Amino acid sequence: MRQDEAVDALEQAGTLGARMRGQGGWYGIFGAGYAAMSCGLILAIGFAPSLSFMMWATAACLLLIAVLVTYALTRPVQPRSMGRLHLGMMGAWTVVYSVTVVVGSTWLPDVAAWWITGAVLSAVPPLVAGYVALRQSRNPR
Amino acid sequence: MSHPRNRLDEVIHSPVRFSVVAALAAVDRAEFRVVRDTVEVSDSVLSKQITVLESAGYVKVHKFTVGRRTRTSLSLTKEGQAAFERHVAALREIAAGTALEGSSVGEPTE
């Protein structure tokens, strides 16, 4: 193999890799959708005027989760290290969500600032994970 | 020190297989049709090359059903990833020209 052939092969590998990575940006949409669902769910729990409203809100969130999971499962490309990224996101989200709901329901049920802050913080893990996936998909190398 | 061309992987060295492995190395998993369109080959050519890569233990083929359709996706195995990294390292050495000393610059194409 000649030097110029090696250079061409490396360039080709880079181009193909970039093209494939570019198709992994869908996780950014997934992250944004999950962040919106999480915000809505926590606000619904915190400010629910009645039990039936909370149940409807929970059902709507479960439906949105089902849509997001279906969307993720039907994507043709799974980005590099997506499993780790998703697990990390879910772990961080579970901690924020659990603390917000358990502490808020037990000790701070009427403190609006607690629920709003918790809702915003719960959106951070999926947004960060989505941003990381989006950056990765736009990385030329 | 041996010439880096001796470290080029025989299985990956073929142009189509190199393209397939390079494409798969950038993701965890990709559907067959995406790899086919990215590498720009026909279904039959890709199938043939995937069989070779699978036999070498470099590629894993996953089949799953979505609704009524069966889909095929491909991923690199750890061996495939390691082989590709070694292959690319050898290509980089050749491209950098570090191994040209003592060898013919105008050597014929393999």
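With semi-axes defined as the square roots of five times the eigenvalues of the C-alpha gyration tensor, the equivalent ellipsoid of chain A measures 41, 15, 9 Å, largest first.
Computed from the Cβ-Cβ distance with R0 of 35 Å, the FRET efficiency linking B:GLU85 to B:THR65 stands at 0.55. With a simple spin-label model that places each label point 7 Å from the Cα along the Cα-to-Cβ direction, the separation between A:LEU63 and B:ARG92 comes to 5.2 nm. Distance between the 7 Å Cα→Cβ label points at B:GLU40 and A:VAL7: 2.1 nm. For B:LYS78, a cut-off of 16 angstrom between C-alpha atoms picks up these aspartates and glutamates, skipping any fewer than 8 places away in its own chain: B:ASP9, B:ASP28, B:GLU54.
Mean projected area of the convex hull spanned by the Cα atoms of the stretch B:4-96, taken over all viewing directions: 6.1 nm². Name the residues of the stretch A:82-98 whose amide N is less than 20 Å from a point 7 angstrom out from the Cα of A:MET54 along the C-beta direction? Once the point is set 7 Å along Cα→Cβ of A:MET54, A:94-98 turn out to lie under 20 Å by backbone N, inside the stretch A:82-98. Give the calculated FRET efficiency between A:VAL111 and A:THR74 to the nearest 0.05, with a Förster radius of 41 Å applied to their Cβ-Cβ distance. After rounding, the FRET efficiency stands at 0.50. In sequence order, the stretch A:33-45 has phi-based couplings of x, 5, 5, 5, 4, 5, 4, x, 5, 5, 5, 5, 5 Hz under the Karplus curve 6.51 cos²θ - 1.76 cosθ + 1.60, θ = phi - 60°, and Gly or Pro positions carry x. Run lengths n ≥ 4 of DSSP H only: what is the helix-derived mean residue ellipticity at 222 nm for the protein assembly as shown, with -39500 (n - 2.57) per run over all residues, to the nearest 500? When only DSSP H runs of four or more count, the value is -22500 deg cm²/dmol. Measuring nothing but how far apart in sequence close Cα pairs (under 8 Å, 6+ apart) lie, relative to its length, chain A scores a relative contact order of 50 percent. Overall, the protein assembly as shown carries a charge dipole of about 660 debye about its Cα centre when +1 sits on the Cβ of Lys and Arg and -1 on the Cβ of Asp and Glu, all other atoms neutral.
Here the label points at A:VAL124 and A:MET90, each 7 Å from Cα along the C-beta direction, are separated by 2.2 nm in the simple model. Contact order, relative form, for the stretch B:10-80: 35 percent (alpha carbon pairs under 8 Å, 6 or more residues apart, mean separation divided by residue count).
Where a number appears in this text, it was derived from the coordinates with a stated rule and is not lab data. Only a predicted model underlies this, so the values are computations on that prediction, with no experimental measurement involved. Cβ coordinates were reconstructed from backbone atoms using ideal geometry, including for glycine residues, and neighbour counts include every protein chain displayed.
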